[in-house]
Amino acid sequence: MPVLTVSDLSIGYVTDRGETNRVVRDVSIELIPGQILGLVGESGSGKSTLAIAASGYRTRGIRILNGQSVLETTDLLKLRRERLQSVWGKKISFVPQNSGTALNPAITVGRQMTQPLRRHTKLSAKGAYDRVVELLQLVGIPNPEQAWRRYPHQYSGGQQQRIALALAVSCRPKVLILDEPTSSLDVITQRHVNKLICDFVSKYDIAGLYISHDLSVISKVAYRVGVMRNGRIVESGMVRELFDQPNHEYTRELLAAVPTIPQRATKAHLKRGKSTLRASCSAINKETDARERDNLLDICNASILYKGAEKAAVQDVSFQVRPGEIVGIVGESGSGKSSLLRAIAGLHDLHTGELRYKGEAIPSSISKRDRAVKRGIQLAFQNPDAVLNPRHTVFEILQRPIRLHRNDVPKAQEVEVILQLLRSIQLPESMLKRFPPQLSGGQRQRVALARAFATQPELLLCDEVTSALDVTVQARIVQLIKNLSEQFSSAVIFVSHDIGLVSQIASRIVVMQFGEVTEIGFAEDILYAPQHPYTTSLIDAVPKSSLRSQILESALVG
């Protein structure tokens, strides 16, 4: 029997004018113990809104228009917050996409994990300690006893997500809601975390709701799946049956949009030339040095060491970026990709090594760089909320970098330049008056890209800018970056844990592991003739043919 039954649920958001914008429309789902229901759909389809409201939680401005969400025999939508607080964590738990929102940065991991145990169970202090250590061991956290003294930021992103999962299941809830829990993780860490989720659901007989834009992930964890679009479930059924014979056009569109590596490796590709390992800048001969002057960016023996760390986060990395070129950097969580990108942007100091921009050495710190370098190198973050002021309209967000860095744009022409930017990211003029919270995730990322391109940069740094987006929006953002790169003649460094996605945009690929570059080469050479075992493992995790075949294989193995 289902432990949570959502019936005819409709949800709306109240606008500034007092109108109700309906975002979930008459949705019904059942969550059964020991099974996971997958929920897929594009950004803005209502997946997260449905899941959060089903738990009884209501954010500001949300309005339940009709329907029920019954946990065992209790309608959560009728409970007051005081009663709900006795349910949250004990009977129903939530794992968000960003583990940073689940873990308090000011409290040690050990202390915050004991809080729900002391509140919802009769465990003694010693019993709570033992339970926490056991859970941290189960999710693969090294030296779990040290968690009592360590803070969340002292763990990697993958480890933080494991801790958030351990926290969610600590009281052995009846229902576990997972909102894109692995979308920002590399494929290897993603595989480990998803296995843990399946193990917990099976071991504790939990009813799971797993929200994801990644259909291949859903195929590995879910028993049943529902496809959402425009607030409705347009198709649902058993995973194998639905993906084998999708009836709805939108389901077929989602299947077609998943990044894959085509199986077309031939002898011609293998003869093209093998990928190369990194070369030290100090070893470049005079002939090569002459060519280096034509590079836009040279990263020379760069190392990054965080305060208090025993090992460098980035170790002796060297590669070049040419004008107008798109270079991809791939690797698992903790490989040093984002640390390197932030150092190029001037947000981390180099421990050793050098950065050369257009042939000239530039300071590590952005505060010491001149205005031309600041304008020429722009960074697009994984989370657009990190750069979009929620109190500024889209117009104001795009206007600021133009006023700061574009001496060639007089005030009288600002509106036209902003409209051109808006057309470049394929958003209507009506969006200029909106605030970031009024936009979908994909729309916010488009605005963040427009903000970065507003300065007409020579180098754009993209740090996992598509990891939180569904496959259809992801494909549009990748194409958008390619179009903007061509339009503004900008070079791009595109960081992602998905080598299949990187292969669709980059001409060259840099592979990183444990802070070091293991392989560099042309995209085709990396994909079809990898020289390092780690590169092979990344490629093996990406669909090589139709996703439907892969999903059927996963369902049969499962």
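For residues in the range 203-244 being among the β-branched types (V, I, T) and in a strand (DSSP E or B), which is nearest to the chain's Cα centre (by Cα)? In this case the residue turns out to be I211. Figure legend. Inter-residue proximity from the range 124-148: first residues on the phi > 0 side of the Ramachandran plot, second residues hydrophobic (A, V, I, L, M, F, W, C) and surrounded by 14 or more Cβ atoms within 10 Å (Cβ to Cβ), beta-carbon distance below 8 Å, spacing 6+ or different chains. Indicated pairs: G140/L196. Could you look through the range 58-91, keep only residues that are of a type in the set (S, T, Y) and surrounded by fewer than 16 Cβ atoms within 10 Å (Cβ to Cβ), and pick out the one that is farthest from S7 (Cα to Cα)? That would be S86. Screening the range 511-544 for residues that are among the β-branched types (V, I, T) and part of a helix (DSSP H, G or I) and picking the one that is surrounded by the fewest Cβ atoms within 10 Å (Cβ to Cβ) gives T536. All told, R17 meets the bar of being more than 26 Å from E253 (Cβ to Cβ) and either surrounded by fewer than 20 Cβ atoms within 10 Å (Cβ to Cβ) or assigned by TED's automatic domain parsing to the domain that holds L242 (or both). When P436, P401 are screened for being in the same structural domain as T466 (by TED's automatic domain parsing), surrounded by 14 or more Cβ atoms within 10 Å (Cβ to Cβ) and in contact with a His (Cβ under 9 Å, 6 or more places away or on another chain), only P436 passes. Mind listing whichever residues of the range 243-259 are closer than 18 Å to R224 by Cβ, surrounded by fewer than 22 Cβ atoms within 10 Å (Cβ to Cβ) and at pLDDT below 85? D244, L255, listed by residue number. Applying the condition of being basic (K, R) and at pLDDT below 90 to the range 1-46 and asking which residue is nearest to I62 (Cα to Cα) yields R22.
Would you point out the residue of the range 53-91, among those that are in contact (Cβ under 8 Å) with a residue 24 or more places away in the chain and among the basic types (K, R), that is nearest to K174 (Cα to Cα)? If we take residues in the range 53-91 being in contact (Cβ under 8 Å) with a residue 24 or more places away in the chain and among the basic types (K, R), then K91 is nearest to K174 (Cα to Cα). Taken together, the criteria place I211 among residues that are under 25 Å from S48 (Cα atoms) and touching an Asp or Glu at 6+ places or on another chain (Cβ under 6 Å).
Please verify whether the range 347-370 includes one or more residues that are touching a Cys at 6+ places or on another chain (Cβ under 9 Å), of a type in the set (K, R), within 30 Å of N301 (Cβ to Cβ) and crowded, with 16+ Cβ neighbours inside 10 Å. Yes, the range 347-370 has at least one match.
Within the range 315-329, residues that are within 25 Å of Q487 (Cβ to Cβ) have Cβ atoms under 8 Å from residues that are among the β-branched types (V, I, T) and assigned to a loop (DSSP other than H, G, I, E, B) in these pairs: I326/I505; G328/I505, counting only partners at least 6 apart in sequence or on another chain.
Could you go through the range 476-490 and let me know if any residue there is crowded, with 23+ Cβ neighbours inside 10 Å and over 21 Å from S183 (Cα atoms). Within the range 476-490, one or more residues are crowded, with 23+ Cβ neighbours inside 10 Å and over 21 Å from S183 (Cα atoms).
Here is a check on your reading of the model: is S184 crowded, with 21+ Cβ neighbours inside 10 Å and either modelled with pLDDT under 90 or of a type in the set (F, W, Y) (or both)? Answer is yes for this residue. Of the residues making up the range 338-382, those that are over 25 Å from Q513 (Cβ atoms) and assigned to a helix (DSSP H, G or I) are I366, S367, K368, R371, A372, V373, K374, R375, G376. If you go through the range 289-299 one residue at a time, do you hit one that is at pLDDT 85 or above, out of contact with any helix residue (DSSP H, G or I) (no Cβ under 9 Å at 6 or more places or on another chain) and closer than 30 Å to S156 by Cβ? No: zero hits. If the condition is being touching a Pro at 6+ places or on another chain (Cβ under 9 Å) and either acidic (D, E) or modelled with pLDDT of 85 or more (or both), then the range 141-159 contributes Y151, P152.
The values are calculated or read from the model by the stated rules, or taken from the named source; none is laboratory data. The structure displayed is predicted, hence computed values, not measured ones. Cβ: placed from backbone, ideal geometry, glycine included. Neighbour counts: every protein chain shown.
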